[in-house]
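*Asks:* Got a structure for you, questions after.
The values are calculated or read from the model by the stated rules, or taken from the named source; none is laboratory data. Remember, predicted model here, so these are calculated numbers, not experimental data. Quick reminder, even Gly has a Cβ in these numbers, built from the backbone with ideal geometry, and neighbours come from all protein chains shown.
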Amino acid sequence: MNMDSVYLRVPAKPEYMLVIRLTTSAVASRAGFDVDEIEDIKLAVSEAGIFMMNHSRNVKWLELEFNVDKEEGIWIDISASEAIHRDAVLCENEQSELSFYIMESLMDRVEKVGDSGFLKGIKMYKKFGG
């Protein structure tokens, strides 16, 4: 497997979403996705980042890991510096449902990463040509 990895750590502040979007765009472009797929990936990653920032005041950093398999697609992990308690995030409300619906409609796979009722991050996958 030929895998490239890119890591990004930014302050969990809205003004750094531009850095996240630009990095996402550059990685997806370099991986070989077309313009429409790049826009989908950027929107899904932005939605995940904003979701993580909006659901806890304790989040200081967002960490992103991009893993590109030249034959398969791209895996993106978005995690927060602090785990977010289940009651703050995993409760079903319109905003969180809409966020996950958007992510799931744009990516091939989206999953919440948690431990003992705490949300630690979001993992996404987009295959080439998907």
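*Asks:* Residues of segment 40-57 being over 17 Å from Gly129 (Cα atoms) and either touching a residue at least 60 places away in the same chain (Cβ under 8 Å) or part of a helix (DSSP H, G or I) (or both), which ones?
*Replies:* If we filter segment 40-57 for residues that are over 17 Å from Gly129 (Cα atoms), which is where we start, we get 43, 45-57.
Hits for segment 40-57 are Leu43, Val45, Ser46, Glu47, Ala48, Gly49, Ile50, Phe51, Met52, Met53, Asn54, His55.
*Asks:* Given (1) in contact with a Leu (Cβ under 9 Å, 6 or more places away or on another chain); (2) crowded, with 16+ Cβ neighbours inside 10 Å; (3) at pLDDT below 85, identify the lone condition not met by Asn54.
*Replies:* Exception for Asn54: condition (1).
*Asks:* Still on this model: Which one of these is more than 23 Å from Lys13 (Cα to Cα) and modelled with pLDDT of 80 or more: Asp40, Asp34, Asp77?
*Replies:* Details: Asp40 fails: more than 23 Å from Lys13 (Cα to Cα); Asp77 fails: more than 23 Å from Lys13 (Cα to Cα).
Among Asp40, Asp34, Asp77, only Asp34 is more than 23 Å from Lys13 (Cα to Cα) and modelled with pLDDT of 80 or more.
*Asks:* When both residues are 6+ apart or on different chains and their Cβ atoms are under 7 Å apart, which pairs have a first residue that lies in segment 100-127 and is under 11 Å from Ala44 (Cβ atoms), and a second that is part of a loop (DSSP other than H, G, I, E, B)?
*Replies:* Every condition considered, the pairs that remain are Asp108/Gly130; Met124/Met107; Tyr125/Met107; Tyr125/Asp108; Lys126/Met107; Lys126/Asp108.
*Asks:* Consider segment 92-130. How many of its residues are out of contact with any Asp or Glu (no Cβ under 8 Å at 6 or more places or on another chain), closer than 27 Å to Glu72 by Cα and among the aromatic types (Phe, Trp, Tyr)?
*Replies:* 2
*Asks:* Please verify whether segment 19-31 includes one or more residues that are in contact with a strand residue (DSSP E or B) (Cβ under 6 Å, 6 or more places away or on another chain), in a helix (DSSP H, G or I) and hydroxyl-bearing (Ser, Thr, Tyr).
*Replies:* Checked segment 19-31: at least one residue is in contact with a strand residue (DSSP E or B) (Cβ under 6 Å, 6 or more places away or on another chain), in a helix (DSSP H, G or I) and hydroxyl-bearing (Ser, Thr, Tyr).
*Asks:* Give just the number: which of (1) touching a helix residue (DSSP H, G or I) at 6+ places or on another chain (Cβ under 6 Å); (2) in a helix (DSSP H, G or I) does Glu37 not satisfy?
*Replies:* (1)
*Asks:* Additional query: Checking Gly117 against (1) modelled with pLDDT of 95 or more; (2) more than 20 Å from Met3 (Cβ to Cβ), only one condition comes out false. Which one?
*Replies:* Every listed condition holds for Gly117 apart from (1).
*Asks:* Separate question: I need a count of the residues in segment 80-106 that are modelled with pLDDT of 85 or more and touching a Phe, Trp or Tyr at 6+ places or on another chain (Cβ under 6 Å).
*Replies:* Count: 1.
*Asks:* Could you give every pair whose Cβ atoms fall below 6 Å, whose first residue belongs to segment 60-84 and is closer than 19 Å to Lys42 by Cα, and whose second residue is aromatic (Phe, Trp, Tyr) and in a strand (DSSP E or B), counting only separations of at least 6 or pairs across chains?
*Replies:* That search, which allows pairs on different chains as well, returns Glu65/Tyr7; Asn67/Trp75; Trp75/Tyr125; Ile76/Phe66.
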